[in-house]
Structure formats: C-alpha cells, structure tokens
Amino acid sequence: MILFFNSLLIIILACVFIGLVLKIYDIIYSNEAPFVSSPSKLYPQIYKLLEIKPNQTIYDLGCGNGKFLIYCAKHSPKSNFIGIEKGLIPFFISTFNTRRYANIKIYYRDINKFNIKPNSKIFVYLFPKSVTKLIHRLPKNVSLYSLNFPAKGLRPNKKVGLINPTSIAKNLYFYKT
Ligand SMILES: C[S@@+](CC[C@H](N)C(=O)[O-])C[C@H]1O[C@@H](n2cnc3c(N)ncnc32)[C@H](O)[C@@H]1O
C-alpha cells in the first residue's frame with residue numbers, strides 16, 4: 001500500500017515538474033511556433049510580394065529576432081512596422097535589433113489577443129493551426145502572407161512558389177479577408 005502511494009506521489013510530482021518546465025518554456029520562447037527565423041535570402045522576394053505602400057502598417061506576428069521587419073523598414077522608410085512577440089527571449093532580441101528604426105515598434109503580446117488595424121498587411125511564419133486561428137479573427141480588408149504554412153482548411157487566394165526555396169520555406173500563401 002505504501003509503495004502504491006509513493007509511486008503515485010512520484011508520478012504526480014513528475015507531472016507537475018513537466019508542466020512547470022513547459023510553462024517556463026512557453027514564457028521564454030513560445031509553444032505555438034519555435035523561434036526559427038525565416039531565411040534571410042528570401043527577404044527580397046517576400047518584400048516584393050508584399051507590395052508595401054507608404055503609410056501602410058505591416059505586422060510580423062511572431063516577429064522572432066525582428067530581422068524581416070528591419071529589411072522591410074530599410075526599403076520602405078515611409079511605412080510603419082509592428083512586431084508582436086510572445087516569447088520573452090525573442091522579444092528582447094527583436095527590441096534590441098530594431099532599436100535604431102523609428103518606424104518599427106515591437107510589442108510583447110500574444111498575437112491571439114492583439115487587435116489588428118483594418119487595411120493592414122500581415123506577414124507570418126507560424127504553424128498552420130495558428131494561421132487559421134488568426135485569419136478567423138482578422139478585420140475586413142487585411143492581407144495576410146504566410147511563409148511555407150497554409151492555413152488549415154482555408155483556400156489561399158494565391159500560392160506563390162519562391163525562387164531558390166530553402167528546405168524550411170518553399171511557398172508564400174496569400175489570404176485576403
Ligand atoms: C518561426 S518564428 C518566425 C520569426 C519571424 N517572423 C521570422 O520570420 O523570422 C515564430 C515566432 O512566433 C512567436 N510566436 C509563436 N506564437 C506566438 C503568439 N501566440 N503570440 C506572439 N508570438 C508568437 C515565437 O516565439 C517565434 O519567435
């Protein structure tokens with residue numbers, strides 16, 4: 001009997017420990033999509049496909065290290081760029097990396113709780129489930145570009161095959177709300 005309760009206690013403690021580790025990991029990084037940057041050699045193509053206009057607001061939802069935003073901000077200095085990041089480490093890294101760009105703002109938020117302005121453009125490099133969840137809560141007239149991962153169960157308006165794709169990024173999926 002004592003052996004049974006000891007084993008049960010050990011199992012409960014192990015579950016609590018694993019839960020805590022996962023929670024801490026989620027705070028530091030994010031469980032929804034790993035902190036993996038999109039390949040920088042694809043930035044020129046993605047930037048061109050986004051067709052950014054002056055005064056437009058462009059979001060990178062789950063902005064990681066912020067390097068894609070920096071590329072865009074350098075080439076479109078008259079547009080506004082917003083990075084949203086839930087992982088603490090990538091948030092600090094992107095805030096530091098973008099510190100010299102007045103037209104980039106980084107927020108430490110969950111993309112599922114952040115309100116997107118109508119008529120804006122969004123870039124994401126997230127898993128299909130997150131892309132779908134996001135599209136369902138976007139306002140009207142928003143353009144969303146998803147690198148490599150199509151939204152689950154939704155037909156993209158356009159799928160563009162990238163030139164010189166990498167093993168982790170082959171297509172850009174476009175959705176219009
Ligand atoms: C694959 S990385 C892409 C980084 C960047 N967009 C790029 O292209 O280099 C995904 C990022 O999204 C962040 N992320 C995942 N889920 C998120 C959420 N719900 N809210 C905010 N950020 C999230 C992760 O912490 C990670 O840094």
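Just so it is clear, none of the values below were taken in a lab; they were calculated from the coordinates. Quantities reported herein were computed from a predicted structural model and do not represent experimental measurements. Here Cβ is always computed from backbone atoms with ideal geometry, including for glycine, and neighbour counts include all displayed protein chains.
A compact table of results
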| quantity | calculated |
| --- | --- |
| Relative contact order of the stretch 26-176, pairs being alpha-carbon contacts under 8 Å that are 6 or more residues apart, as % | 21 percent |
| Cα-derived Rg to Rh of the stretch 70-177, Kirkwood definition | 0.96 |
| GluC sites (Glu not before Pro) restricted to the stretch 32-128 and DSSP loop, no more than 12 other C-beta within 10 Å | 51 |
| Sparse-neighbour loop sites [trypsin sites (Lys or Arg not before Pro); the stretch 105-177; at most 10 other C-beta within 10 Å; DSSP] | 140 |
| Between the stretch 85-122 and the stretch 2-71, the alpha-carbon center distance in angstrom | 13 Å |
| Kyte-Doolittle mean at least 0.5 and Cα axial length at least 15 Å: DSSP H helices in the chain | 2-28 |
| Beta bridges by DSSP in the chain, antiparallel share as percent, to the nearest 5 | 35 percent |
| Amide H contacts of residue 171 (H built 1.01 Å from N, under 5 Å, at least 5 apart or other chain) | 148, 162 |
| Charged-residue dipole, Cβ positions (Lys, Arg, Asp, Glu), the chain about Cα centre, Debye nearest 20 | 800 debye |
| Approximate spin-label separation residue 36-residue 152, in nm, with each point projected 7 Å along Cα-to-Cβ | 1.7 nm |
| Of 48/74; 86/159; 48/158; 140/176; 41/67; 86/176, those spanning more than 19 Å from alpha-carbon to alpha-carbon | 86/159; 86/176 |
| Estimated [θ] at 222 nm from DSSP helical runs (n ≥ 4, -39500 (n - 2.57)) normalised by residues in the chain, nearest 500 | -11000 deg cm²/dmol |
| Filtered trypsin sites (Lys or Arg not before Pro), the stretch 1-101: DSSP coil and at most 16 other beta carbons within 10 Å | 78, 99, 100 |
| Karplus (6.51, -1.76, 1.60) ³J(HN,Hα), θ = phi - 60°, over the stretch 156-162, in Hz, Gly and Pro reported as x | x, 5, 7, 10, 10, x, 7 |
